[in-house]
Every structure is written in structure tokens, then in C-alpha cells.
Amino acid sequence: MQVFTYGTWLDYWLDVYKKPYLKPDSIKRIYVALKNIPEYIKQTKLKDLSVEMIDKAISRIKLSRTRKYV
């Protein structure tokens, strides 16, 4: 049985479940979003990934990445 890290699982998910059904521009947007996932999260084995780790990573996303409306 293969042990997936979150990063390898994301690659698998994209190749198997998304690429066959999405347009190239949609796939590009997914790649951009995946680049923003911290490396320590990508290297974590799925069985070791916790809600707390994900919450901590989300809270560290810079506010400048959000859109501002006037």
C-alpha cells in the first residue's frame, strides 16, 4: 500500500479527477492555488495531517492575497 503525503495526493487528485474534465485555464488556476500551500503541509503524510495544521496554514495566508472592494 502506498503512503501518500498531502502533496503527492494533490498531484494524484489533479491528474485523475480534475485534468480529464477541466479546461486548461481552470487547471492553471488550480496550479496557482496549489503553489500557495506551505511546503510543510505538502510533506505531511495524509494520516498525520490534522485540522489544526490546516487551520494554522490558512491563518498564515497573507491578507494581501484577498480582493479588496471599495
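Results, tabulated for the structure shown:
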{"read-out": "Cβ pairs under 6 Å, 6+ apart, first in segment 1-12 and part of a helix (DSSP H, G or I), second surrounded by 14 or more Cβ atoms within 10 Å (Cβ to Cβ) and of a type in the set (Val, Ile, Thr)", "value": "6/41; 6/44"}
{"read-out": "Search result, residues across segment 4-43 that are of a type in the set (Val, Ile, Thr) and out of contact with any strand residue (DSSP E or B) (no Cβ under 6 Å at 6 or more places or on another chain)", "value": "8, 16, 27, 30, 32, 37, 41"}
{"read-out": "Boolean, residue 69 is loosely packed, with under 10 Cβ neighbours inside 10 Å and modelled with pLDDT under 95", "value": "yes"}
{"read-out": "Candidate set: segment 14-65, residues that are open to solvent by less than 80 Å² (accessible area, probe 1.4 Å) and of a type in the set (S, T, N, Q); chosen: the one farthest from residue 4 (Cα to Cα)", "value": "26"}
{"read-out": "Any hit, segment 34-45, residues being modelled with pLDDT of 90 or more and of a type in the set (S, T, N, Q)", "value": "yes"}
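The values are calculated or read from the model by the stated rules, or taken from the named source; none is laboratory data. Computed from a prediction, not measured in an experiment: that's the story for all the values here. Heads up, the Cβs are rebuilt from the backbone with ideal geometry, glycines too, and the neighbour counts pull from every protein chain shown. Heavy atoms of the whole protein, side chains included, go into the accessibility calculation; ligands, DNA and RNA do not. Shrake-Rupley method; radii C 1.70, N 1.55, O 1.52, S 1.80 Å.
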